[in-house]
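Novice: Before I ask anything, here is the structure I am working with.
Coordinate-derived values only; no laboratory data. A quick note: this is a predicted structure, and the numbers were derived from the prediction, not measured. Here the Cβ positions follow ideal geometry from the backbone for every residue, glycine too, while neighbour counts run over all protein chains shown.
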Amino acid sequence: MMKRKHVFYVLIPTIFVIIITPILIFSFIPNISSTINYKFGVPCSDLPDIEVVRQTFDEHQDIVFQIENISPGNVFIEVHECCDGKGEIFIYYDTIATRNEILELIGGDFFGIPIRLFNI
């Protein structure tokens, strides 16, 4: 009888942990991935032409300035060319609070241009 009780006290918490842990992990994965970069893995076919990216970037230098001044010297924003003539915007930031301010300012993209956020 004692062995059965012991197994019960060990087995039930173990089963609980095995079931609950994946649920918790998968529910937090979107939050974890968003700290790395906001829109990771946009397919090349969905990226705009690099000239459109450069033009949009140049037209919104006031916003570029605002982003860089969220944390002066610690935030950098640049046009990144990839996929043979396609592009996106890379934003490098220092803290999660800075990242959140950047996202509050521009939302999920830079005037229709996909962004990637990198913690440095």
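Novice: When the distances between all Cα atoms of region 38-83 are binned every 10 Å from zero, what whole-number percent does each bin get?
Specialist: 23, 45, 30, 2
Novice: What is the order of 105, 47, fewest Cβ neighbours within 10 Å to most?
Specialist: Sorted ascending by nearby Cβ count, the order is 105, 47.
Novice: With contacts defined as alpha carbon pairs under 8 Å and 6 or more residues apart, what's the relative contact order of region 38-120 in percent?
Specialist: Value for region 38-120: 35 percent.
Novice: OK, next. Spelling out what I want: for every residue of region 76-91, take phi, set θ = phi - 60°, compute 6.51 cos²θ - 1.76 cosθ + 1.60 (Karplus), and round to whole Hz; glycine and proline get x.
Specialist: Using θ = phi - 60°, the values come out as 10, 10, 8, 7, 10, 8, 8, 6, 6, x, 10, x, 8, 10, 9, 10 Hz.
Novice: Then there is this: When the distances between all Cα atoms of region 38-120 are binned every 10 Å from zero, what whole-number percent does each bin get?
Specialist: Per 10 Å bin, starting at 0, the Cα pair percentages come out as 19, 55, 25, 2.
Novice: Please quote Rg/Rh for region 81-120 to two decimal places, taking the Kirkwood radius as Rh and restricting both calculations to Cα atoms.
Specialist: With Rg and the Kirkwood Rh in hand, the quotient comes to 1.02.
Novice: Using the 10 angstrom Cβ neighbour count as an exposure proxy, how do 14, 56, 95 rank, fewest first?
Specialist: Exposure proxy ranking, most exposed first: 14, 95, 56.
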